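A.B. asks: Structure provided below as structure tokens; questions to follow.
The values are calculated or read from the model by the stated rules, or taken from the named source; none is laboratory data. Keep in mind it's a predicted model, so treat the numbers as computed, not measured. Glycine also receives a Cβ, built like all others from the backbone with ideal geometry; neighbour counts cover every protein chain displayed. SASA here: full protein model, heavy atoms, side chains in, ligands and nucleic acids out. Shrake-Rupley method; radii C 1.70, N 1.55, O 1.52, S 1.80 Å.
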Amino acid sequence: MAFPPRRNQGNRQQWIISLLLFGGLLFLSFYYLTLPGRTEEEKFSNAPEVSLSEITRGYSGGKFTKILIRDSKVYATTKTGAIIQSYKEQLDTVSQLGWNDPKNPTIVTVENRETTNILLSALPDLIFFLVILGGIVWLFRGIARSQSTALSFGKSKARVADAKQVKTRFKDVAGSDEAKEELVEVVDFLKNPRKYMEIGAKIPKGVLLVGPPGTGKTLMARAVAGEAGVPFFSIAGSEFVEMFVGVGASRVRDLFVRAKRNAPCIIFIDEIDAVGRQRGGAGFGGGHDEREQTLNQILTEMDGFEQGTNVMVMAATNRPDVLDVALLRPGRFDRHVFLDKPDLDAREQILKVHARNKRLAKGTNVRTIAKQSVGLTGADLENIMNEAAIFAAKRGHQSLTQRDLVDALEKITIGPEKHSRKLIQHEKEITAYHELGHAIVGYLCKESDKLHKISIVSRGSALGITWFLPEEDRYTTSRGKFLDEICGLLGGRAAEQLVFGDITTGASNDIERASHIARNMAMRYGMGLGLGTVSYGERQGSSSLGVDPYSARNYSEETANKIDEFVRTVIEEQYKRAAGFLKEHHEKLKVLALVLLKKETMSIEEFTDIFEGRTKPVIEEEPEEVISDDDTIDDSGTQPSAESVESRS
């Protein structure tokens, strides 16, 4: 197994190279200083000085082996190797001095340095100096690089994409038409700021994108930068915060300084709630808290923008309820753009966008998948198209078929099938009757969602699935629909008791969900009989993004008893109603169970044909009779478990 290199490995190599270089420079210095030429120069400079006539007499007497005339200096070397020096007139020649006797063995050499190139004579010294200087500079730069982390601790970690790198456009963001309309003005602000400033309009300083996870907030911000053709500074809120107080504020200052230098541009802060939470509340440690210091610096920078800087701050969050009010006021984040989960048309557009680079087979209907994916976000839909492509590749298809899309949708929404989970025959029969109980009761309830599919193949923790899908997007729910949904949830337990005369733990999740709906009817929606049009329980937080907030009790014990009694009454009434439906269609329940046990999966078309009597199934080998003659319903207690889950969108 290969392990990643350690972070300090580069620094270690840097120091090793630096030490080797330092040793090499030291060796060159000693070598250069001990060159033969250098030694001779030192001898000449330390030679004793005598008169010129004494050197002339020594020449005549043959006492010297050689005489060196260098400009106006004269160096004479005796036979013993000693060197003496003297001076002559600049214009005196060798013949004038009498040192040109051909019979004299003394070698006389003349060097006129003034006539030679000074640069060439100094070139060795210059090269040596440059080598030493380069080595010192390299060593200091290596030390600076090794300390770069500490020196840049307060620098912004924002990732910068210039105008050419940002290629996302509004056409790449399907759905969210209202959000795009609001952001088109922001694009125009960045492109033509003078048009708005001349008429007296102020350019918005900040745009806050709010929406559930996966709705495309970051993608929308990149599309704005791409449409405007400006640089895009991207950073997450958590990247401002460090363990040292003041580092986050320093990074904020550095980020805004860099942005102003690159104006017009967009600063995008993702998950701003990491630093933008309410000050003084839970999670903050007072005025010296790091996150509070960072938030204060963000507020100061946004409020201190000079007019005409043309820098737009965009931020994204899925928790707007926890943001500080100073951050949300006009002058900071002037615009709040909400990106909701896509509707039917938007889901179809999103699926088509993600199908651009995929081959779809003839007859593939993307709108059918859009109808069956109510409540999913853009990220979920992208995942569905990717899973469909994986299915197609595994099956050896050259293009994506409708089956690939349906299987991908079911895998994402209700989990992958578990064919390896083998049930004993009795458990399989209980599961079949349980799921058909949901299906028949839901089919007979007028306001229930449309039945889509029944399966007794295990998925996740569920032994079987009854899948209901709404025919259209709904934004309000009536009291009658709530009651029908509770009735459908209790159909599985009623079918178990009707057929087997006993109950199992398989309905635990159904009972939990039914009780939750009934309690919300009483406490939130004012639908509880005898409780009045009153909301009970003080809700802490916002539920606009699908988060169920904490509810604090603000009602009396007497009211609590009334709420409990209402929940119990509704559950009992709907349970008896579900049991009545199943008693009435007892024979159809048995026939459908035989078919489901054989096929394991049943579509809505097969179910309705058999239930309405349009088709009479032929069962070659019927399983052992498991239907009990005891048709009574026992309202005994339940046992908690979660083995069977009814799937509703």
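A.B. asks: So, taking all protein chains as they sit and a 1.4 Å probe, how much accessible area belongs to ILE107, in Å² rounded to tens?
C.D. replies: Result for ILE107: roughly 100 Å² accessible.
A.B. asks: Assuming 0.36 nm per residue, please report the length gained on full extension of the stretch ARG57 to GLU198 beyond their Cα-Cα distance. Don't skip to the end; give the middle numbers.
C.D. replies: Working: separation 141, 0.36 × 141 = 50.76 nm, distance 10.13 nm.
Here the segment from ARG57 to GLU198 would lengthen by 40.6 nm.
A.B. asks: Let me check I've understood the local charge: for THR56, count other residues with C-beta under 12 angstrom from its C-beta, Lys and Arg +1, Asp and Glu -1. What total comes out?
C.D. replies: Details: positive: ARG57, LYS63, LYS88; negative: GLU54, ASP92, ASP101.
Spelling it out: positives minus negatives among the neighbours equals 0.
A.B. asks: Next up: Ignoring ligands, DNA and RNA, how do ILE132, ILE424, ILE69 rank by accessible area with a 1.4 Å probe, largest first? Write out the running numbers ahead of the final one.
C.D. replies: Working: ILE132 40, ILE424 105, ILE69 5 Å².
The residues order as ILE424, ILE132, ILE69, largest area first.
A.B. asks: Would you mind putting 92-104, 599-611 in packing order, based on average other-beta-carbon counts within 10 Å, highest first?
C.D. replies: Working: 92-104: 11.8, 599-611: 16.3.
The packing order, highest mean first, is 599-611, 92-104.
A.B. asks: Give the shape of region 341-425 as rounded, prolate or oblate, defined through the alpha-carbon gyration tensor: a ≥ b ≥ c are the square roots of its eigenvalues, a/c under 1.5 means rounded, and otherwise the shape is prolate if a/b is larger than b/c and oblate if not.
C.D. replies: Details: a/c = 2.28, a/b = 1.35, b/c = 1.70.
Since a/c reaches 1.5 but b/c is at least a/b, the shape of region 341-425 is classed as oblate.
A.B. asks: Right, another one. Under a cut-off of 29 Å between alpha-carbon atoms, report the lysines in cross-link reach of LYS418, not counting same-chain residues fewer than 8 places apart.
C.D. replies: LYS358, LYS371, LYS394, LYS428, LYS450, LYS453, LYS588, LYS590, LYS598, LYS599
A.B. asks: So, R0 is 35 Å and r is the distance between the beta-carbons of LYS422 and LYS358; what FRET efficiency does that work out to, to 0.05? Kindly include the intermediate steps, with their values, before the conclusion.
C.D. replies: Details: r = 36 Å, r/R0 = 1.02.
The pair LYS422/LYS358 has a calculated efficiency of 0.45.
A.B. asks: Could you check the spin-label model distance between GLU612 and HIS516? Points 7 Å from the Cα along Cα→Cβ, value in nm.
C.D. replies: Calculated label separation equals 3.4 nm.
A.B. asks: Tell me, in nm to one decimal, what length is gained between VAL257 and SER556 on full extension, where the rule is 0.36 nm per residue of separation less the Cα-Cα distance?
C.D. replies: Working: separation 299, 0.36 × 299 = 107.64 nm, distance 5.68 nm.
The VAL257-SER556 span can extend by a further 102.0 nm.
A.B. asks: Then there is this: In whole percent, how big is the carbon plus sulfur part of the accessible area of region 286-411, probe 1.4 Å, protein atoms only? Mind dumping the intermediate values first?
C.D. replies: Values: 2690 of 5670 Å².
Accessible surface attributable to carbon and sulfur in region 286-411 totals 47 percent.
A.B. asks: In nm, to one decimal, how far is the ASP345 label point from the VAL322 one, both placed 7 Å along Cα→Cβ?
C.D. replies: Output for this residue pair reads 3.6 nm.
A.B. asks: Largest first and in whole Å, what are the equivalent-ellipsoid semi-axes of region 571-618 based on the Cα gyration tensor, each being the root of 5 times an eigenvalue? Spell out each step's value before the answer.
C.D. replies: Details: eigenvalues 107, 26, 19 Å².
For region 571-618, the semi-axes come out at 23, 11, 10 Å.
A.B. asks: Now for a separate question. For ARG335, ARG329, what's the largest-to-smallest order of accessible area, 1.4 Å probe?
C.D. replies: Values: ARG335 60, ARG329 85 Å².
Accessible-area ranking of ARG335, ARG329, largest first: ARG329, ARG335.
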